[in-house]
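What follows is a single structure, written as structure tokens, with notes after it.
The numbers here are math on the coordinates, done by the rules we state, and not lab data. Since this is a predicted model, take the numbers as computed values, not measurements. Positions of Cβ are backbone-derived with ideal geometry, glycine not excepted, and every protein chain shown enters the neighbour counts.
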């Protein structure tokens, strides 16, 4: 019942492409997975926040894991998001994903209700005892009940609990966790879900990251990871700085994860409409955001700039959207000889 | 397609009794509903936060509404919590609950992700257009994306949206809503989910409340409501003051809604274990809390005090628990002649 | 050493008019005080948040109190803000303001550092023991360390502590305080600093308010207070609703208390420039805000509308500013025959 | 008017020793400064949050800077905290501290009122224009109005503004600042005030730190800094981990900065009573905390353990206090032959 290997490297919390009628586009999902593997990511993390797990039914969540496990087919490990409505349902999902061949499951702390540390402990304890598959805790305090350091230590006493994915972005919290847990569990893995601080997280002892942006520029993340591991920090630092503009455009431009879906689209995948409806003004915003992001990704060398060229960017996404739209309108007017 | 009546009075967001194996105890749920109706509540609100709707499967949530509608059988209206994983599933639930005979549905703002007002609008807009049954918005900013006043105004333009249940506890917010919405929609109903300020909410224009505590002391809430409506404010104020100790014991003593479940138990219902597991220390705390609450409810005249009597209370639930346990131990020692 | 009278009614936390060089405009301050007294406010509360106490030197704060006490000359009581850098300096201020003839002092909870309840207690305890003048606690959790209910109870044991001014705006908190403290100290006074909920606060047991807006429309506040005390709640409720637009324009339109200063200016007082500098864009915003506020105050009947008339208002102050400016420009163009 | 040197390395935000009557103990302050310089810190930062600047009068704050400048006497630079009640007073302090020979001033963002970025800009702009001495911004969002990245960029256009001290502890924020500001101002200095993440902050581009703990274990901080600069990251990482226990004991054990004062005392300085009074129970807690901290500092090798020995520590300071007190009691009982 021991864990056979440690989760290390870049895990992509993949988005789920949808058909226009809202159903899962399995063909596109499989094509996307192949592309991610080819680009060098170390693992897949379906049914995470990027994957909009709360917007699917229980049956759909199962289907997503099945497709991911099938398509990965052992090429890279699948860390399967397995949180369901309650402990019993979650354990059933653990059993199923074990059958499907997932390497481990990731379970977000209970959400909606804000639970105390003792309740968070009681919840994961039950799962740790009954799960037939290795479990990673998923701490994302902006969305779910926080998992504090003493609770992590208590849970690390269960062999089944093999790691934590932390999306708090709190460097000192990560250092504190590693300091407390690693001596008692040298095999415990620490994954950071806050790519805006990925290089320093790795430098201070993290084993890897589960990073939404790695679903957009996987080559870049693999490179950043390899440089950091090779202790080529001057180069890694530059990549960390460079990543910020894309990060901000994806995370702060629209209600997460819609900005991420826009970006994945620009890499050539038909992600389709989100399950969270967009108002009319949001649809216009999305189109403008797409143009700006195309310019950003073009700077990474992973996309062509838009036909009308790229307006200078200010780092403020709202202003950039308006600039880029203006540039597009001017370009079209010129084409027509109107300017 | 117009709404035939306004929701007014006290709606009880009922807990769901469970068997020891975690399945729904329908018999006890029906018995509890009958008791609530006999005690004078004006309506039922199943699948709310008190009803732990997130801890049930979609099928179970449906079953709960079916049982509630059947058991109420038109005696009092059912305001059915209908939020599901996404807009499509939520609309399906609206259709089903319409068939079941619910008076209206209540739909919590999207949670987990923190959505912008524009996204909250887009979400409810879709439901307002397609629901065959009247819709009340459910604003509970401590758990879900907030619904702000401009968004409420925009949504009040849909005839299908007939009201809001607000659990923010923010008096000024409620006044602002009523001021903005009532002139354009005199039929719009405002229900407060924060009983610690229920009397002033009613005085300032609310139509009623959806109050967890009304599931524990329904007679008391009916009385408080009637007094306030009769403008007997001096008496109503005293009840409002009196309510606070029970409110604090229920809301701040344990992770909500476990304290509520303890209290309902004391009124003679077998609520069974929650779906959120309790650690060992939490189980001990729960037993101690139950004793203190029995003393509080005894002061309302709705329960006998515990056999060992009631220790004086300090208003700090943690201290009170220890005091009451000590009193119990001393009482038992005396019984045995050891003191 | 007992307090001779309870503080009741509307206390105005007055702004401090300044000369263009930033020094205190005593003449205008005295004229303003006379006007407030004539308009019927029950007391003055200088050196509050509205009075920008933190932006004056210790010497200036003393001077402000001296001028206020002199000018009130016993016509209405002065509740003097006396918080200084530390306990020793604060007690010195208490002594001085006692000499000046203040009725009581108000002392804000320590700020900058966020102190624990035990530290807040220790701070006020020291003052309660040594102050020669009655003390009211000032709870404003958005700016300073919160004073919780158990701490208020402990401090209410000191005869010298005679009340609390609470600007939390939390109705349930106020009810809880009154319930806990009034039985042990029937003379303790509760003043609400959140006028957006003033009527229900009074209904539930408050003795009065310390309300920034009463420095702009004192007649209106006196009327609202009198109606509520006379139990004419239907009328009082309408005034409470009506007040909201002005409240929002003052509190949410600019960094507090700049909006308040703009409004006082419109009642005919030369408040001069704030000590917090305004950027160029803020100066333009301020001019636009002034126009909108003039329209709002005109609706109260206390000012003439601007010469160019008033554009319809949306309740969103940003939009309203642009509308009103446009209206002004159009009016001027028409005047000149350009339209 | 250009800045002659960049601030780099470890700056100690020193506490201010007091006599029993609350007045400044200048002799002890001078002795402490000498000790810090001998231990290798790169600079001094008086009148910071650790120095309780808000608890002194304006005159006392001046005196503190004078003593620090005199005592440093050019051996290390003094970064003088110069924030006063308003812009005019702050500029006067800048002028005075320039005369005193400070290397630069540090000015905290306006506090009490929560100001918008535009107001924060307007405030610092005025100071940047008029100060005769270089200015560093001080960002500490837990206590004062936050200074956001666009505002920092705007302020970096003033030659007089030469750096920022950031105590947010937010790694991604620091990376974002450096990325945005360094290209336009290569001389701009970035100092981190959150020592729990000091090593990664330095790795990612910071020039140094202003760290309260460096006032307790200056030798350790100098060593950590030198190792990091020498790229000996494996060793630096161990020191970063080791530092956490002391950090937590100082920052989370008592209302900041009382825990820091306790720790400085243990290095042999008579810091005296704080200006924030302690309740009786807080005085007992302080004594217990002192024992635990003595054990922690003994582990660093900078103090002898207490005579009664050190109880094993759990990392939870509350539990540790009780353990250590128990150990002390047992030791004394043994001494007397009672055990």
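See the values below:
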| item | result |
| --- | --- |
| Space enclosed by the convex hull of the alpha-carbon atoms of region C:1-62, per residue, Å³ | 117 Å³ |
| C-alpha long axis of helix C:233-251 to longest principal axis of chain C, angle in ° | 70 degrees |
| Test item: D:147-153 mean partner chain Cβ contacts at 10 Å | 1 |
| Other-copy label distances relative to residue D:129, 7 angstrom Cα-Cβ extension, nm | 5.0, 5.3, 6.9 |
| Shielding of B:125-133 by partner chains, average beta-carbon count, 10 Å | 1 |
| Calculated label separations, residue C:337, copies of the chain, 7 Å along the beta-carbon direction, nm | 4.3, 11.7, 11.8 |
| Amide N of region B:207-238 lying under 12 Å from the label point, which is placed 7 angstrom from the Cα of residue B:35 along Cα→Cβ | B:215-219 |
| Of every Cα-Cα pair in region C:262-305, the percent that sits beyond 12 Å | 63 percent |
| FRET E, pair residue B:338, residue D:318, Förster distance 30 Å, beta-carbon r, rounded to 0.05 | 0.35 |
| Fraction of beta bridges assigned by DSSP in region D:9-253 that are antiparallel (%, nearest 5) | 10 percent |
| Distance in nm between pseudo-label sites at residue B:299 and residue B:182 (7 Å out along the Cβ direction from Cα) | 3.4 nm |
| Rounded tilt (10° steps) of A:280-300 against the dominant C-alpha axis of chain A | 90 degrees |
| Relative contact order %, region C:67-194, counting alpha carbon pairs below 8 Å whose residues are six or more apart | 20 percent |
| GNM flexibility winner over chain C from C:165, C:92, C:179 (Cα, springs under 10 Å) | C:179 |
| When the protein assembly as shown is reduced to its Cα atoms, the Kirkwood hydrodynamic radius in Å | 33.9 Å |
| Folded to 0 to 90 degrees: helix C:26-39 orientation relative to chain C principal axis, Cα | 90 degrees |
| Peptide C:113-123 - average C-beta neighbours from other chains (10 Å radius) | 5 |
| Per-residue Cβ neighbour rank within 10 angstrom, fewest leading, B:233, A:29 | B:233, A:29 |
| Sites residue C:58 and residue C:27, calculated FRET efficiency, Cβ-Cβ separation with R0 22 Å, nearest 0.05 | 0.45 |
| Region B:131-268: projected area of the alpha-carbon convex hull, averaged over directions, in nm² | 9.2 nm² |
| Shape box of region D:9-253 [Cα atoms, principal axes, largest first, Å] | 48, 46, 34 |
| Value of relative contact order over chain B, rounded to a whole percent, pairs C-alpha under 8 Å and six or more apart | 17 percent |
| Inter-label distance, nm, simple model (7 Å from Cα along the C-beta direction), residue B:287/residue D:287 | 3.7 nm |
| Mean Cβ count within 10 Å, highest first, over the residues of peptides C:130-138, C:35-43, D:314-322 | C:130-138, C:35-43, D:314-322 |
| Among A:228, A:210, A:326: highest mean-square fluctuation, GNM of chain A, C-alpha pairs under 10 Å | A:326 |
| Alpha-carbon centroid distance for the pair region D:53-102 / region A:107-185, whole angstrom | 47 Å |
| 16 Å cut-off, amide nitrogen to a point 7 angstrom out along residue C:231 Cα→Cβ, residues in region B:166-205 | B:203 |
| Cα→Cβ-extended label distance, 7 Å offset, between residue D:153 and residue A:223, nm | 2.4 nm |
| Per-copy distances of the residue D:58 label point, shortest first, in nm (7 angstrom along Cα→Cβ) | 1.1, 6.7, 6.8 |
| Hydrodynamic radius by Kirkwood, which averages 1/r over all alpha carbon pairs of region B:208-339, in angstrom | 15.9 Å |
| Centroid-to-centroid separation of region A:278-339 and region D:241-273 [C-alpha atoms, Å] | 53 Å |
